[in-house]
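Right, one structure below, let's go through it.
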Amino acid sequence: MPHQPPIDNVIHTGGVLIVGAGLAGLFTALKFEGPVTILSAATLGSGASSAWAQGGIAAALGSDDSPELHARDTEIAGAGIVDPKIARLIASQAANRIDDLANLGVPFDRTAKGGFVLGREAAHSRNRIVRVTGDRAGAEIMASLIKAVKDQPRIRILEGLIAFELAMEDGRVAGVYAHPVHDKASPVLIRSTATIFALGGVGGLFEVTTNPPQARGQGLGMAARAGAVIADPEFVQFHPTAIAIGRDPAPLATEALRGEGAILVNDQGERFMLAVHKDAELAPRDIVARGIFRQIRAGRKVFLDTRHVIGARFPDAFPTVFSYCQSAGIDPRTELIPVAPAAHYHMGGISVDENARTNLPGLWAIGECASTGAHGANRLASNSLLEAIVFGARAASDIALTTPANGTAAGTPPAPPIVSGPVTPNVALLRKAMTMNVGLERNSENLILALNTITMLEKAGTGDPDLRNMTATSLLIASAALNRTESRGGHFRSDYPHANPALAKRTFVTLAQIRATAELALRETKLSDGAQATRRA
């Protein structure tokens, strides 16, 4: 049985605690004017998905564009369940947030007259992607923010600690429990007046992902286990064009390549997307990803052909992708790039309002671990970084207006169960189950198999604090996918291949609710299997 050891280290932040050090976390720290502590499992910026973002940030800055058009494209891409108010909110605040980043030193690509160079990506009706050196947006933005954060004496950085449990006191979040990266049995209590989760997504729960290893649904699992409402967990976006060179995580071939005219072909030279969608390679991500998936399932290999539209310009136009290709012995100027879909972004997350507040007092959530309603069933390309900075600024403002600037709550919350000795979590088995059964195409039988594996791992690994959060998040995704008996956006059911107008609404659940429905589904399946066995006998 896990026990409750005494907390031998308590850190008082004296203000706001931000858990996570990607774009959302760093930008929020800079927008907040009081004392801030940033908690990061890795060296600042090195474990963040934001640093790997290639496309850029969507913003209606062109003379032929408007926030209204941007919001409309967002709603269309979201397959009917985007919150229109939130779509308009992020589109209307985009220009100001881009100015914030430019003022922080982000070297956005500029025209000869000093305006922003605007690229185009799938499902956008206008050129509105603000980029840096073609495909270096994430890396350059993060570099600028890291420098700005390090220059701020009011911002404290704690590295090498993994948050695993919310510290609750009198019904309010009072901070988090964390453990050193390589020592799960030595908990630390980090107290705060306000806690912001900026913990990234869930891609690492799948075997093929473009996300860093840290992105395994930890924030979502922690919040859910404390009673937070979770929105839309079934909607996972698979990026169509991860570079298929056997790496974990898989490097990404940005969508901007297809925006420049690159095409997808199989190993027989067929441009197969022409028969799938009128926009071919620039169709919404879920459609392109499934088109590639079906080619691979049929025994074909799939490639991105950039030779004629980019060719010799590749090293300068897309240096990040060029470097990835070169490291695998591929010259994209003259050779095809092998690609495959990979878990990339979670449209679901901790449900928040327009100020990033969760239903748990004292907890805000921003970035990919949150669900604002902006992305619906299928995120519009390059809206993720935009949402992160818009809601980061709003969270900072909301906390400044509603939370004392200094001090922490009195008393010490009880220590959560911690394993007394080393535990080997079977993360590989969980990732395999999620990939095989909760991936691009789902059905009832496979989702039940996933739930069986998840519940088995939950029972076997209750002493491991990190595995507890991963299995909680996996259970939410798989069970919500089983409950949504239709196909919509990133959620595709082969046994329910069409959208059901009656289900054109968001999902809002708690872990307790989802666990009850999962247990019922497993019980009914066992009863059905038993009845079939009796009939056969």
Inset, instruction - Please go through the stretch 288-311 and pick out each residue that is surrounded by fewer than 20 Cβ atoms within 10 Å (Cβ to Cβ), part of a helix (DSSP H, G or I) and of a type in the set (A, V, I, L, M). - result: I296
Legend entry - Any hit, the stretch 214-233, residues being surrounded by fewer than 24 Cβ atoms within 10 Å (Cβ to Cβ), within 22 Å of D464 (Cβ to Cβ) and either over 22 Å from the mean Cα position of the chain (by Cα) or at pLDDT below 95 (or both): yes
Inset, instruction - Could you pull out the residue among A71, A79, A87 that is modelled with pLDDT of 95 or more, in contact with a Lys or Arg (Cβ under 6 Å, 6 or more places away or on another chain) and not assigned by TED's automatic domain parsing to the domain that holds E255? - result: A71
Legend entry - helices (runs of 4 or more DSSP H) contained in the stretch 422-537 and holding at least 1 residues touching a Phe, Trp or Tyr at 6+ places or on another chain (Cβ under 7 Å) and modelled with pLDDT under 95: 427-437, 465-483
Inset, instruction - Would you point out which residue out of N437, N446, N452 is of a type in the set (S, T, N, Q), free of Cβ contacts under 8 Å to residues at least 24 places away in the same chain and in the same structural domain as E524 (by TED's automatic domain parsing)? - result: N446
Legend entry - Test: residue in the stretch 349-362 that is among the basic types (K, R) and over 27 Å from S487 (Cα atoms): yes
Legend entry - Which listed residue, of V173, V202, V181, is among the aliphatic types (A, V, I, L, M) and surrounded by fewer than 23 Cβ atoms within 10 Å (Cβ to Cβ): V181
Inset, instruction - Determine whether A244 is closer than 27 Å to L482 by Cα and under 26 Å from the mean Cα position of the chain (by Cα). - result: no
Inset, instruction - Could you look through the stretch 101-125, keep only residues that are in contact with a Phe, Trp or Tyr (Cβ under 8 Å, 6 or more places away or on another chain) and over 26 Å from G261 (Cβ atoms), and pick out the one that is surrounded by the most Cβ atoms within 10 Å (Cβ to Cβ)? - result: L101
Inset, instruction - With respect to E33, determine if the residue is more than 17 Å from E121 (Cβ to Cβ) and either in a loop (DSSP other than H, G, I, E, B) or of a type in the set (S, T, N, Q) (or both). - result: yes
Inset, instruction - Could you pull out the residue among A163, A174 that is in a strand (DSSP E or B) and farther than 23 Å from R394 by Cα? - result: A163
Inset, instruction - Give the stretch 62-88 a look and list any residue that's surrounded by 21 or more Cβ atoms within 10 Å (Cβ to Cβ) and over 20 Å from the mean Cα position of the chain (by Cα), or say none. - result: H70, A71, D73
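The values are calculated or read from the model by the stated rules, or taken from the named source; none is laboratory data. Predicted model, so just to flag it, every value in this text is computed and none were measured. Here Cβ is always computed from backbone atoms with ideal geometry, including for glycine, and neighbour counts include all displayed protein chains.
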